[in-house]
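Colleague: I'd like to ask some things about the structure below.
The values are calculated or read from the model by the stated rules, or taken from the named source; none is laboratory data. The structure displayed is predicted, hence computed values, not measured ones. Cβ atoms come from the backbone with ideal geometry, glycine included; neighbour counts cover every protein chain shown.
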Amino acid sequence: MGLDDFEAGLLPLLRHFLAGLRRPGGQGWQHAFHTAAERWGETYGLAVAYALFKIIRALEDVRPERLNSHDALCLETRECLTADEQALLQMIHYMRRDQTPAARQAVADAALGRMDPQVIRAGLAFARRFPCSGAETAPRAGPVLRTVG
């Protein structure tokens, strides 16, 4: 799919969030936020997770059926994507790169043919907050130790 490391890192969060929506009493959303904080540090990671959830929520609100995803903890499907997972990640991928025609098609794919303003706004807000710069822009997760002489 041509995803960068940042975008590929969104897949486990996406899966945990969707598991949480399928089982509201479950802990999927907590796993998503914890995974994001581990991967990118608390400040950056939690912001990424929150912005991603806004996209997921907007899609869930507009679609007649729930987004389909694999289990985030299943080793057998770790490298496999459902059509819905692929569409959402492609939408983010193209929006982060300001590739408008491809992003429009990805929005239509993710929203099952609808060009919903909430989905577009959530996706563009994510892209503005976490633009593609050719390299991962997340700060380091922990403090940097230096030797002082």
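Colleague: Limited to segment 33-75, what total is found for residues that are modelled with pLDDT of 95 or more and either among the small types (Gly, Ala, Ser) or not in a helix (DSSP H, G or I) (or both)?
Modeller: Total satisfying the criteria: 8.
Colleague: Which of the residues belonging to segment 100-117 are in a helix (DSSP H, G or I) and small (Gly, Ala, Ser)?
Modeller: Across segment 100-117, the qualifying residues are 102, 103, 106, 108, 110.
Colleague: Which of the numbered conditions does residue 78 fail, given that it passes all the others? Conditions: (1) in a helix (DSSP H, G or I); (2) modelled with pLDDT under 95.
Modeller: Going through (1) in a helix (DSSP H, G or I); (2) modelled with pLDDT under 95 one by one, residue 78 breaks only (1).
Colleague: To continue, here is another question. Do we find that residue 81 is out of contact with any Gly (no Cβ under 8 Å at 6 or more places or on another chain), over 21 Å from residue 121 (Cβ atoms) and among the hydrophobic types (A, V, I, L, M, F, W, C) in this structure?
Modeller: Taking the combined requirement at face value, the residue satisfies it.
Colleague: Then there's this: One residue is enough: does segment 82-91 have a residue meeting the conditions assigned to a loop (DSSP other than H, G, I, E, B) and more than 20 Å from residue 5 (Cα to Cα)?
Modeller: Of the residues in segment 82-91, the ones assigned to a loop (DSSP other than H, G, I, E, B) are 82.
Applying the additional criterion that residues be more than 20 Å from residue 5 (Cα to Cα) yields none.
No, segment 82-91 contains no residue that is assigned to a loop (DSSP other than H, G, I, E, B) and more than 20 Å from residue 5 (Cα to Cα).
Here is a yes/no grid of residues against (1) closer than 17 Å to residue 31 by Cβ; (2) surrounded by 20 or more Cβ atoms within 10 Å (Cβ to Cβ); (3) more than 14 Å from the chain's Cα centre (by Cα):
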{"position": "52", "(1), (2), (3)": "yes, yes, no"}
{"position": "58", "(1), (2), (3)": "no, yes, no"}
{"position": "61", "(1), (2), (3)": "no, no, yes"}
{"position": "65", "(1), (2), (3)": "no, no, yes"}
{"position": "76", "(1), (2), (3)": "no, no, yes"}
{"position": "79", "(1), (2), (3)": "no, no, yes"}
{"position": "86", "(1), (2), (3)": "no, no, no"}
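Colleague: Quick one: in segment 118-139, which of the residues that are in a loop (DSSP other than H, G, I, E, B) and under 15 Å from the mean Cα position of the chain (by Cα) is modelled with the highest pLDDT?
Modeller: 130
Colleague: What are the residues in segment 108-126 that are under 14 Å from residue 98 (Cα atoms) and either surrounded by fewer than 21 Cβ atoms within 10 Å (Cβ to Cβ) or among the polar types (S, T, N, Q) (or both), if any? Lay out the reasoning, then the answer.
Modeller: The first filter runs over segment 108-126 and keeps only residues under 14 Å from residue 98 (Cα atoms), leaving 120-121, 123-126.
Hits for segment 108-126 are 120, 121, 124, 125.
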